[in-house]
Amino acid sequence: MRMHPSYEMLRPGKKFPHVWCPGCGHGIVQGAIIRAVQKLGWSRDEMVMVSGIGCSSRMPVYVDFNSLHTAHGRAIAFATGVKLHNPKLHVIVITGDGDALAIGGNHFIHAARRNADLTVILMNNNIYGMTGGQYSPTTPIGKRASTAPYGTAERDFDPCALAKAAGAAFTARGVAYNALELEKLIETALTKKGFSLVEAISPCPTLYGRLNKEGNAVKMLQWQKANTINIKAAEKLPVDQVAGKIITGIFHDVETVPYTEIYDQIIKKAQGK
Amino acid sequence: MSKDIRLLQGNEACALGAIYAGCDFFGGYPITPSTEVAEEMALMLPKKGGKFIQMEDEIAGIGTILGAAAAGAKAMTATSGPGFSLMMELLGYGCMAEIPCVIVNVQRGGPSTGLPTKGAQADMMQARWGTHGDHPTIALCPSSVEESFKLTVKAFNLAEKFRMPVILLLDEFIGHMREKMQMPAPGELELYTHPQPTVSPAEYTHYGDGSSVGGPYASMGSGYRFNITGLTHDQHGFPTGRSDEIQWKMDRLKDKIEKHRPELLEVDQEFMDDAEIAVFSYGGAARSAQQAIREARARGIKVGLVRPTTIWPFPDQALEEILRKVKTVIVAEISQGQLLGEIQRLNQTHTKVIPVQRYDGEMLTPNEVLNAIVEVTK
Amino acid sequence: MAKNTDVMEARLTIEEDFKKGYDLPVYVYKPWCKSCEICVAFCPKNVLEMGEDRKPIVARPDDCILCKQCEIRCPDLAIFVTREKKK
């Protein structure tokens with residue numbers, strides 16, 4: 001008989017189920033991350049999962065890696081220190097749209113600029129879940145939130161475009177519905193040198209879904225299924241057929257020398273070697 | 001062996017002390033009057049194979065050293081005024097998560113942007129109470145360039161042993177003052193590095209050691225996998241809402257200071273044997289107090305200096321004993337009375353306490369302290 | 001709400017069930033299931049349906065093609081396929 005393959009990667013002694021609401025996409029993303037690491041065959045001792053604050057950031061305690069649940073917005077700053085001190089470690093940052101793009105926006109763009117060798121998994125549910133459904137930097141204009149009862153008046157960020165503009169080596173987007181594509185994107189991102197971002201669109205049925213009348217978890221995933229186009233297909237379609245859809249796939253992928261390797265050269269220079 | 005004597009700034013001595021202590025990671029953000037610490041570290045760390053990183057702000061500065069320290073680094077950041085304010089949340093994180101590191105605050109005048117190039121001693125209470133929640137603090141205050149070096153070494157030792165951030169509360173006066181110092185030879189000053197666990201990874205609990213002081217703890221990447229969180233947590237580092245576990249954690253944080261006060265406290269005393277007047281002072285201000293006391297002694301006035309180099313935890317017992325013993329206490333500081341407030345709290349015997357303060361950006365002068373001493377004798 | 005369990009307890013329970021002869025192509029570890037119905041909705045062969053306890057039951061095991069769509073999409077790691085596809 002076959003045991004659930006992800007169980008070997010779960011934290012011993014930690015009680016499950018995890019804190020996320022029924023049907024929350026974050027659990028699907030967690031599964032994709034676990035499978036990607038298993039596929040790469042990396043040792044759990046070399047894995048570090050660093051998170052900030054928010055729903056998504058609760059993930060590290062459930063996974064049997066080295067885990068660092070930091071303060072709101074600061075995961076990338078902590079992760080930069082972990083990686084620079086011990087470049088042998090594989091450092092994954094788990095963050096959300098509020099954590100990475102609002103309070104942590106400065107760290108996000110600067111880590112991309114200096115090309116810190118981190119894999120950032122940004123779980124985008126378009127809302128602040130933990131605090132009860134306030135609008136975030138990725139809540140689309142006009143959508144409702146507890147602090148936007150008449151719809152938001154603000155425009156939203158495209159995290160992948162932002163990261164690319166700031167200097168990231170790799171940006172990609174997946175959706176919880178297509179967990180296998182997401183897994184593949186995460187696997188590719190993990191092997192990339194330099195700053196890599198995978199934006200995982202993750203439905204929040206409890207708050208975003210309810211406030212915007214998008215239905216339950218199943219309905220929200222069905223919407224993703226019907227409204228997601230891979231970038232390769234999207235490039236061949238006329239603009240009007242792509243409007244309003246979620247584009248997935250790899251947007252940006254360049255070979256770079258990561259910060260940690262450049263710093264190694266600086267050490268050699270300082271030591272006169 | 002020839003002595004290694006150098007003319008150094010307090011900030012440079014601090015950086016050299018950090019290197020001596022084995023600091024191998026610095027993260028920070030430039031801010032006057034602390035910047036020389038970062039500049040020295042940027043120069044020296046790569047030579048030693050260590051890492052220096054200039055972050056995008058002070059929050060990232062302390063964040064990145066906490067990450068590096070969790071991965072096993074001896075890590076430090078340095079800042080001043082507004083930067084120290086920005087670091088408060090993560091200072092609390094370091095206390096809660098029990099991550100050793102050293103935070104240097106070269107105090108300047110405030111509030112707000114205040115006096116970037118002028119000194120003050122007005123962050124004493126911020127060092128103690130700046131972050132939210134009940135938590136312990138260790139803060140050390142040097143009064144000379146040599147002490148800046150030595151207390152930086154001590155700060156690293158205490159951070160490693162007590163598993164928490166330790167604040168080196170410098171001030172602009174000492175930070176930018178140049179004086180000669182003899183460099184301690186390698187091995188001359190004691191260095192403490194926390195032991196690594198010896199139990200198997202399956203048996204290891206990151207916060208499980210009953211005595212949290214001087215015990216072993218693992219670094220991330222060492223083969224011991226564990227969770228670190230700023231949420232109140234149990235011995236495994238798992239978040240908890242159970243009141244018995246919350247009580248355990250909060251007592252653990254408190255007790256590591258309260259039960260180890262003797263080894264933390266250090267109060268320097270000069271001319272106190274027969275003193276009838278005691279001048280309480282610390283950091284930069286203590287230098288003027290020292291000079292004033294020498295001059296007063298030359299005039300036959302029985303006055304001595306009481307100078308805590310550990311300002312937090314506050315040396316209650318030692319200072320209370322002196323308050324009982326002497327007739328008058330003069331509190332000399334470069335603030336509107338942060339040290340004074342602590343002395344008044346301790347002054348159950350109602351000894352006469354006279355403040356001598358300056359907060360106009362200038363150094364308190366020996367004459368100002370001397371005048372206060374002479375006034376008492378009239 | 002069922003009692004929370006750690007992964008060791010989950011494994012033991014599941015292995016015990018296997019030993020007792022559990023032989024369906026899909027296994028639901030109920031203590032971790034939050035009844036979101038994603039597995040039921042996205043099964044391409046309609047193998048699953050919701051039981052009276054609001055947990056999925058393997059209603060049509062013979063139709064299962066071992067595609068693992070339920071397994072990869074369950075946010076709670078509460079459902080998995082018990083056999084590998086024959087190659």
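Restricting attention to region B:12-43 and to residues that are touching a residue at least 60 places away in the same chain (Cβ under 8 Å) and touching a Lys or Arg at 6+ places or on another chain (Cβ under 6 Å), the residue that is nearest to the other protein chains (Cβ to nearest Cβ) turns out to be B:C23.
Can you tell me which residue is nearest to the other protein chains (Cβ to nearest Cβ) among those in region A:230-268 that are β-branched (V, I, T) and touching a Gly at 6+ places or on another chain (Cβ under 9 Å)? Even if it seems obvious, please write down each step before you answer.
Just the residues of region A:230-268 that are β-branched (V, I, T), to begin with: A:231, A:239, A:242, A:246-248, A:250, A:254, A:256-257, A:260, A:262, A:266-267.
Going one step further and asking which of them are touching a Gly at 6+ places or on another chain (Cβ under 9 Å), we end up with A:231, A:248, A:254, A:256-257, A:267.
Values: A:I231: 22, A:T248: 16, A:V254: 22, A:T256: 18, A:V257: 16, A:I267: 5 Å.
The selected residue is A:I267.
So which of B:S112, B:S143 ends up being part of a loop (DSSP other than H, G, I, E, B) and either surrounded by 24 or more Cβ atoms within 10 Å (Cβ to Cβ) or not assigned by TED's automatic domain parsing to the domain that holds B:L91 (or both)? Even if it seems obvious, please write down each step before you answer.
Values: B:S112 fails: either surrounded by 24 or more Cβ atoms within 10 Å (Cβ to Cβ) or not assigned by TED's automatic domain parsing to the domain that holds B:L91 (or both).
On inspection, the qualifying residue turns out to be B:S143.
Among the residues of region B:66-77, not a single one is closer than 22 Å to B:E147 by Cβ, away from chain A (no Cβ under 12 Å) and surrounded by 22 or more Cβ atoms within 10 Å (Cβ to Cβ). From the list B:E98, B:E89, the one residue that fits, being within 14 Å of another protein chain (Cβ to nearest Cβ), touching a residue at least 24 places away in the same chain (Cβ under 8 Å), surrounded by fewer than 24 Cβ atoms within 10 Å (Cβ to Cβ) and in contact with a Phe, Trp or Tyr (Cβ under 8 Å, 6 or more places away or on another chain), is B:E98. Annotation note: Cβ proximity below 6 Å between a residue of region B:184-207 that is farther than 24 Å from B:E147 by Cβ and a residue that is outside any loop (DSSP other than H, G, I, E, B) (sequence gap 6+ or interchain) occurs for B:H194/B:E160.
Can you name every residue in region A:36-80 that is part of a helix (DSSP H, G or I), under 18 Å from A:G96 (Cβ atoms) and more than 7 Å from chain B (Cβ to nearest Cβ)? Spell out how you get there, then give the answer.
At the first step, the residues of region A:36-80 found to be part of a helix (DSSP H, G or I) are A:36-40, A:44-46, A:56-62, A:75-80.
Okay, now just the ones that are also under 18 Å from A:G96 (Cβ atoms), so A:56-62, A:75-79.
Selection gives A:S56, A:S57, A:R58, A:M59, A:Y62, A:A75, A:I76.
What residue, of A:A234, A:A243, is surrounded by fewer than 18 Cβ atoms within 10 Å (Cβ to Cβ) and modelled with pLDDT under 95? After ruling out the rest, the residue left standing is A:A243. Listed by first and then second residue, the pairs linking a residue in region A:4-33 that is more than 7 Å from chain C (Cβ to nearest Cβ) and crowded, with 21+ Cβ neighbours inside 10 Å to a residue that is β-branched (V, I, T) and assigned to a helix (DSSP H, G or I), with Cβ atoms under 6 Å apart and 6 or more places separating them unless they lie on different chains, are A:M9/A:I34; A:A32/A:I186; A:I33/A:I186. Screening region A:140-240 for strands (runs of 3 or more DSSP E) wholly inside it with 2 or more residues that are not polar (S, T, N, Q) returns the ranges A:170-175, A:196-201.
For every residue, the table says whether it meets (1) within 14 Å of chain C (Cβ to nearest Cβ); (2) of a type in the set (S, T, N, Q); (3) within 28 Å of C:I38 (Cβ to Cβ).
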position: A:R144; (1), (2), (3): no, no, yes
position: A:G167; (1), (2), (3): no, no, no
position: A:F170; (1), (2), (3): no, no, no
position: A:A176; (1), (2), (3): yes, no, yes
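Sub-9 Å Cβ pairs linking a first residue in region A:100-117 that is assigned to a loop (DSSP other than H, G, I, E, B) to a second residue that is of a type in the set (K, R), at least 6 apart or interchain, are A:G104/A:R74; A:N115/A:K193; A:A116/A:K83; A:D117/A:K83; A:D117/A:K192; A:D117/A:K193, ordered by first then second residue.
Just give me the residues in region B:44-65 being over 23 Å from A:L89 (Cβ atoms) and facing chain A (nearest Cβ under 8 Å), in sequence order. Hits for region B:44-65 are B:K47, B:D57.
Residue-wise test of (1) in contact (Cβ under 8 Å) with a residue 40 or more places away in the chain; (2) in contact with a helix residue (DSSP H, G or I) (Cβ under 9 Å, 6 or more places away or on another chain); (3) within 7 Å of chain A (Cβ to nearest Cβ).
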position	(1), (2), (3)
C:S35	no, no, yes
C:V40	no, yes, no
C:K45	no, yes, no
C:L48	no, yes, no
C:E52	no, no, no
C:P56	no, yes, no
C:C67	no, no, no
C:P75	yes, yes, yes
C:K86	no, no, no
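The values are calculated or read from the model by the stated rules, or taken from the named source; none is laboratory data. What you see is a predicted model; the values in this text were computed from it and never measured. So basically every Cβ, Gly included, is an ideal-geometry build from the backbone, and we count neighbours across all protein chains shown.
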